[in-house]
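All remarks here apply to the structure that follows.
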Amino acid sequence: MLRLNKVKKQYEGFELNCTLEVQEGCITGLIGKNGAGKSTTFKAILGLISMDGGSIEIFGKPISDIGIQDKEDIGVVLSDAGFSGYLTIYDLIPMLRSMYRNFQEEEFIRECERFRLPMNKKIKEFSTGMKRKLQVVAALTHEAKLLILDEPTAGLDVVARDVLLDMLRAYMEHEGRAILISSHISSDLEGLCDDIYMINDGKIVLYEETDVLLDSYGILKMTTEQYDKLEKEHILRCRREEFGYSCLTDQRQFYQENYPEIAVEKGTIDELIMMMIRGEK
Amino acid sequence: MKGLFIKDLRLLKGQKSFFAAVVIMMTFFMMTYRNYSFVISYVTIMFGILTLTTMSYDEFENGMGYLLVLPISRKQYVIEKYLFSILSTVTGLLAVSGCAAVISGIRNIDFLWEDWVSSVIGSFMIVTIMLAVMIPLQMKFGAEKSRVAMMLVFGGGALIVYMGMKLSEALEIDWTGMIEWLESLKTAAVFGGFFVICGLVMVISCQYSMHVIKKREF
């Protein structure tokens, strides 16, 4: 569905170098701290910024060949942009109807009402969460094949986040669809994504299926003496702590079986991210 | 492109205070003055530059980036802006001309065809120059920064005109023949020639805007 091959973009003090793939039928997550390159990656995919190198393919076509009809098959949420604040939802309806052949007008109105979005109020008066909900509803109601969602849950309360994630799960019940999603709330991605890319300083530092990440990865906590004796073959990152060392492994069971004296924790995705980013190789 | 037209019309729907101000000004001038040249130019120009307002609204909170991920192309966006500007200018002209015809009839004012033609030419010239310069500037720099760029461009333009006048004085170029030739032309010829020139200026400006927006990052 979507393939990025060594996509490069240089800014002063930042360089993106990203390779990732989103398979049909999959929800792929992109996680990383603020400024890691998530939004730059999304903008490159959507052709909003030029690339300094590499290639991007959507639906098997280079992005330079992506036409208006292909764009109808893509639903987008951007973290730092949205519909003009001077329009109302009622203004958007005829506009979206004439832009998308498969615009589901009734569903759009129904979902807007479900999220209690005011139909006659200018969008600039919406809260951040309301603007995000509107973008999500618009992205989901024209039968897109690919959703590109940059921080769709930002600014949403817990209930709205849950509703939105359910909507994404329902969207994926149809065949031939895929989602690329980023979020700074990793618990959102834990329960949603099939696979996860972790990006840091513009580079993909980890790719793993979510199940493997949660089942096989772990954090070891040990004293300096225990660390010195440890087999480090399956250690991905280490960090010096007051008590000794914390280590990230992708073979949790191996250490649980062979080093019963060491504390082995399953670790949340947030903890794994922290270790990948702040730990040393 | 239909979606873009709908968006721009809906954006203008929110400009009730602007339209109310234009109607009040127009009514005031038509009821108090006997020459309608100014009011026709004024309304036509105000309607002509509405496109720039829609562009500012598109830019609001980085909205352009989101607009361009919808099923439209950058080229379509540019073309729509130029077509919309022509449409809004002509609408303004027709509306004010209609009002002028009715009110001049009621007030028994002899509103001359020649006055109307000169108003149309004057206002179209101003609208063409403003849009041909401002649309590409706004495409390149966005609504805020383009104001500074506009001042520089119009300042530079005024300087060039001034230098040209001084130069023609120094070289003792006689423009009388040219002016007499223009005056000898028939109204239709002047009108036609003028619109061809305006059209060419807009086409050149449109081409440049396409070049600008193609390179812009959002």
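The values are calculated or read from the model by the stated rules, or taken from the named source; none is laboratory data. Since this is a predicted model, take the numbers as computed values, not measurements. Glycine gets a Cβ as well: all are built from the backbone with ideal geometry, and neighbour counts include every protein chain shown.
Numbers for the structure displayed
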item: Test: B:T51 is buried (at least 22 other Cβ atoms within 10 Å of the Cβ), modelled with pLDDT of 90 or more and either within 14 Å of chain A (Cβ to nearest Cβ) or not in a loop (DSSP other than H, G, I, E, B) (or both); result: yes
item: Which numbered condition B:P71 misses (of (1) touching a Phe, Trp or Tyr at 6+ places or on another chain (Cβ under 8 Å); (2) crowded, with 22+ Cβ neighbours inside 10 Å; (3) outside any helix (DSSP H, G or I)); result: (2)
item: Any hit, the stretch B:118-140, residues being part of a helix (DSSP H, G or I), touching an Asp or Glu at 6+ places or on another chain (Cβ under 9 Å), in contact (Cβ under 8 Å) with a residue 40 or more places away in the chain and under 23 Å from B:R74 (Cα atoms); result: yes
item: Qualifying residue in the stretch A:150-166 (condition: over 20 Å from A:K43 (Cα atoms), part of a loop (DSSP other than H, G, I, E, B) and in contact with a helix residue (DSSP H, G or I) (Cβ under 6 Å, 6 or more places away or on another chain)); result: yes
item: Residue, farthest from B:L9 (Cα to Cα), within the stretch A:89-131, restricted to residues that are more than 8 Å from chain B (Cβ to nearest Cβ) and touching a Lys or Arg at 6+ places or on another chain (Cβ under 7 Å); result: A:F115
item: Looking only at the stretch A:39-87, and only at residues there that are at the interface with chain B (Cβ under 8 Å from one of its Cβ atoms) and among the polar types (S, T, N, Q), the one that is surrounded by the fewest Cβ atoms within 10 Å (Cβ to Cβ); result: A:Q69
item: Single residue of the stretch A:99-110 satisfying the filter (in a loop (DSSP other than H, G, I, E, B) and not hydroxyl-bearing (S, T, Y)) that is farthest from the chain's Cα centre (by Cα); result: A:R101
item: One residue from A:A138, A:A144, A:A178, A:A170 being surrounded by 19 or more Cβ atoms within 10 Å (Cβ to Cβ), within 25 Å of the chain's Cα centre (by Cα), away from chain B (no Cβ under 14 Å) and among the small types (G, A, S); result: A:A178
item: Where B:V90 falls short, out of the listed (1) within 14 Å of chain A (Cβ to nearest Cβ); (2) without any contact (Cβ under 8 Å) to a residue 40 or more places away in the chain; (3) within 14 Å of the chain's Cα centre (by Cα); result: (1)
item: Verdict on A:M274 being without any contact (Cβ under 8 Å) to a residue 12 or more places away in the chain and within 27 Å of A:V77 (Cα to Cα); result: yes
item: Odd one out for A:S79, checked against (1) farther than 25 Å from A:G176 by Cβ; (2) free of Cβ contacts under 8 Å to residues at least 40 places away in the same chain; (3) polar (S, T, N, Q); result: (2)
item: Positions within the stretch A:186-229 being closer than 26 Å to A:Y259 by Cβ and assigned to a strand (DSSP E or B), in sequence order; result: A:M198, A:V205, A:L206, A:E208, A:E209, A:G218, A:I219, A:L220, A:K221, A:M222
